[in-house]
Amino acid sequence: MVSKRKESKKRLRDGDRRGGTPAAGGLAGWLSRPWKAAAFVFVVAFLLYANTFGHDFVWDDRDLIAENPAVRTVDGETVQRIFTENFWRSSQLGGGYYRPLVSLSYHIQYQIFDGKPGGFHIVNAIWNAVVCALVLAFVYLLFGNIVFALVTALLFAVHPIHTENVAWIAGRTDVLSTLWAMASLVFYVLARKRRKVWWLVAALAAFAASLLAKESSAFLPLVIVLLEWGPFGFRELLAPSRRSVLRPALYFAILVVYLLQRYAVIGMVGSTYDAYAPGALGALALPLSILAGYVLKLVFPLRLSGEYDAPVPDGWADVHVLAGLLVLVAIVWSVVRYRRRPDVVLGAGLFLFGLAPVINIIPLGEVSAERFLYFPSLGFALVLGSLFSSALVAKYPTWRQLAANGYIAIPKMKPSLAGNLTVLLAVVLIAFAARTVARNGDWKTEEILFAKTAAASPHSARAQLNIGNVARRNGRTEDAIAAYKRSLEIDPDYPDAMSNLAGIYAAQGRIDDALPLVERGLEIAPDNVTLLNNLGSIYFERGRFAEAAQLFERVLSLDSRDLIAHFNLGLIRYRARDYASARSHFERVAGTSAHLELSYYYLALLEQASGNMSAAKRHARTFLSVHKQNDPYRQRAQSILSGP
């Protein structure tokens, strides 16, 4: 006869394969079916972001999608290129990232939605809702408690920290990566419970997809190690053997293959960014400062910002570093104290493992960012979900019925405490949901986003830079100058602000004001291609063509696909009557950017000078189709088209 204890363990391991406990009635009874609970979570998560569907492209969306000509096609050649190039390469921006699945999603959706932002936002909301449903599936399959799974998934779904990931199209990297990571965890648990090899194959394939969406999911093998050797009842299901080592080893093997592919494509495994602070201060103290800020945002998600606000410490006695150390000690103490509690151990593991790649132990391009908390927030939701679900089970007999066959964190909770926690759960869910909907509005347009960001992060030089960029794009030159100056007041050594301000001065003919800014910027950032292009343009305007050509060639040595450098070198070679070289540069630019349509004009002139009038007319016709302004360029192109 099987003892009650063993029978209980078996239920915990296998879960309720009948799909829930149908004895309960009302809403609880309806949600007792896992697929219905997952559908409920999906709908809640999707509706929370419905007010983003009318949002515009903002920030990186412009470079990656709206103003990126490369994203407008999808064919076999395009797919091959996506899987063999830097994530930012097609948009002319830098960064050592390899995220082909995200790039592929931009290409495909651009065709489907005809380049309109609304479709992209809807897809972001759908993917986020799928992630939330997968969170429910993972927790339910692992713990066999539908109440625990439902509460955890709802807490994850409503948390405002996710708005940057979902309301911002470019924030989808973490969403898409987490979607595949959660699918991998679900398939892994099914493989352990069902003992079917194809579930393990699916889990490994999903992990590979997660890596191809974002490199930060490299931590997932550590989660598998935790699940294999942690307090999850699997040691009773499958006794320790080579199989207990094999599954994590297979995950690590997938990671190694990915890193080799990443190195083959972009020439690096890690990061090219410099640390924000020297030595141990940057490698240890800064991550502690970031950790403190992240925990504060998870608990009190009130002051949210598109800019990082974790201060870079200048010493170990920094209050943020000490706060981060206390947080880390508290997490480690909790794991040691409650080492037999799978909810605590798994929650801490998901949080810390998820943060490890993005907390600047390995230097990143950002000190901190709210989008980096997308997956780690699952650990926070899991621990809270365990506590609140225990209160629901203790308070309401109906919920107790649903959780009877699964893991319950606190099986005996005082009624008064259970009642208070139940009220607190309702307050948290409503408050978080309201904050999420409100925060979504901050991402509607760039004007709103950067104004809100500057208000939330008044000491951010980049926030002021972005305000200036929007003003400049909309023709408000004086507002742009004022914003760039404010940016330089905050950070006098900010090369991007120097470059953009110099660009306006140069366009206004104020070369004497522009030149010192560019030269100062290049002292700080000698390989900044924008500054090099600006200085080359200044030399060009002053007739110093040889020096300008040297600068543009240097830009191309740093980035062989820089369109501005190619165009300007084409102009210089054209003036020198080196038509063959000029043609090669203009052909590299033609058709890649609406801002450089003059490349067709000069190609027409080149072909005319070479006596190839059919080609000259073809280029003139293309130029006239995109250049509507009635100016000398258009008049000359029309004369070529109407000539013999």
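The values are calculated or read from the model by the stated rules, or taken from the named source; none is laboratory data. Note that this is a predicted model, so its numbers are computed, not measured. Cβ coordinates were reconstructed from backbone atoms using ideal geometry, including for glycine residues, and neighbour counts include every protein chain displayed.
Quick rundown of the values:
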item	result
Val256 in the same structural domain as Arg192 (by TED's automatic domain parsing), modelled with pLDDT of 95 or more, over 27 Å from Val428 (Cβ atoms) and loosely packed, with under 12 Cβ neighbours inside 10 Å	yes
Leu424 vs. criteria touching a Leu at 6+ places or on another chain (Cβ under 8 Å), part of a helix (DSSP H, G or I), surrounded by fewer than 20 Cβ atoms within 10 Å (Cβ to Cβ) and not aromatic (Phe, Trp, Tyr)	no
Lone unmet requirement of (1) among the hydrophobic types (A, V, I, L, M, F, W, C); (2) more than 23 Å from Val139 (Cα to Cα); (3) more than 26 Å from the chain's Cα centre (by Cα); (4) at pLDDT 80 or above for Met1	(4)
Residues of region 419-475 classified as in contact with a Lys or Arg (Cβ under 9 Å, 6 or more places away or on another chain), closer than 30 Å to Ala394 by Cβ and either among the hydrophobic types (A, V, I, L, M, F, W, C) or touching a residue at least 40 places away in the same chain (Cβ under 8 Å) (or both), total	1
Conditions (1) part of a helix (DSSP H, G or I); (2) in contact with a helix residue (DSSP H, G or I) (Cβ under 8 Å, 6 or more places away or on another chain); (3) outside the structural domain of Val158 (by TED's automatic domain parsing); (4) modelled with pLDDT under 95: number failed by Lys485	(4)
Any hit, region 347-358, residues being among the small types (Gly, Ala, Ser), in contact with a Gly (Cβ under 9 Å, 6 or more places away or on another chain) and not in a helix (DSSP H, G or I)	no
Region 605-615: number of residues that are part of a helix (DSSP H, G or I) and closer than 16 Å to Ala580 by Cβ	6
Residue in region 339-355 that is under 22 Å from Thr152 (Cα atoms), buried (at least 18 other Cβ atoms within 10 Å of the Cβ) and of a type in the set (Asp, Glu) present	yes
Qualifying residues in region 252-277 (those that are assigned to a loop (DSSP other than H, G, I, E, B) and among the small types (Gly, Ala, Ser)) - the one nearest to Ala181 (Cα to Cα)	Gly270
Subset of region 266-277 [free of Cβ contacts under 8 Å to residues at least 60 places away in the same chain and closer than 16 Å to Glu366 by Cα]	Ala277
Every pair of residues 6+ apart whose Cβ atoms lie under 7 Å, when the first sits in region 528-554 and is free of Cβ contacts under 8 Å to residues at least 24 places away in the same chain while the second is among the small types (Gly, Ala, Ser) and in a helix (DSSP H, G or I)	Tyr539/Ala548; Leu551/Gly536; Phe552/Gly536; Phe552/Ala565
Filter result (of a type outside the set (Gly, Ala, Ser) and surrounded by 15 or more Cβ atoms within 10 Å (Cβ to Cβ)) within region 628-637	Tyr633, Arg634, Arg636
Only one of Glu370, Glu366 that is more than 27 Å from Phe143 (Cβ to Cβ), touching a residue at least 12 places away in the same chain (Cβ under 8 Å), buried (at least 22 other Cβ atoms within 10 Å of the Cβ) and of a type in the set (D, E, K, R)	Glu370
Complete set of residues in region 104-122 that are in contact (Cβ under 8 Å) with a residue 24 or more places away in the chain and among the β-branched types (Val, Ile, Thr)	Ile108, Ile122
Qualifying residues in region 514-570 (those that are out of contact with any Gly (no Cβ under 7 Å at 6 or more places or on another chain) and aromatic (Phe, Trp, Tyr)) - the one farthest from Asp63 (Cα to Cα)	Phe545
Residue that is in a helix (DSSP H, G or I) and either within 26 Å of Leu136 (Cα to Cα) or in the same structural domain as Ile224 (by TED's automatic domain parsing) (or both), where the choices are Ala317, Ala409, Ala394	Ala394
Flag if Ser377 is in the same structural domain as Gly230 (by TED's automatic domain parsing), of a type in the set (Ser, Thr, Tyr) and surrounded by fewer than 24 Cβ atoms within 10 Å (Cβ to Cβ)	no
Flag for Leu176 being under 14 Å from Ile126 (Cα atoms), assigned by TED's automatic domain parsing to the domain that holds Gly306 and in contact with a Leu (Cβ under 7 Å, 6 or more places away or on another chain)	yes
Residue within region 430-440 that is in contact with a Leu (Cβ under 6 Å, 6 or more places away or on another chain), over 15 Å from Leu304 (Cβ atoms) and buried (at least 20 other Cβ atoms within 10 Å of the Cβ) present	no
Qualifying position, being part of a loop (DSSP other than H, G, I, E, B), at pLDDT below 90 and over 33 Å from the mean Cα position of the chain (by Cα), among Arg561, Arg577	Arg577
Sole residue being free of Cβ contacts under 8 Å to residues at least 24 places away in the same chain and over 17 Å from the mean Cα position of the chain (by Cα), chosen from Val201, Val186, Val147, Val135	Val201
Region 278-314, residues that are among the aliphatic types (A, V, I, L, M), part of a helix (DSSP H, G or I) and loosely packed, with under 14 Cβ neighbours inside 10 Å	Ala280, Val299
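Yes/no matrix, rows are residues, columns are (1) modelled with pLDDT of 90 or more; (2) among the small types (Gly, Ala, Ser); (3) under 30 Å from Ala451 (Cα atoms):
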| residue | (1), (2), (3) |
| --- | --- |
| Leu522 | yes, no, yes |
| Ser537 | no, yes, no |
| Phe552 | yes, no, no |
| His566 | yes, no, no |
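Quick grid of which residues meet (1) in contact with a His (Cβ under 9 Å, 6 or more places away or on another chain); (2) part of a loop (DSSP other than H, G, I, E, B); (3) crowded, with 18+ Cβ neighbours inside 10 Å:
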position	(1), (2), (3)
Glu489	no, no, no
Pro492	no, yes, no
Leu501	no, no, yes
Ile504	no, no, yes
Gly521	no, no, yes
Tyr539	no, no, yes
Gly543	no, yes, no
Glu547	no, no, no
Ser557	no, no, no
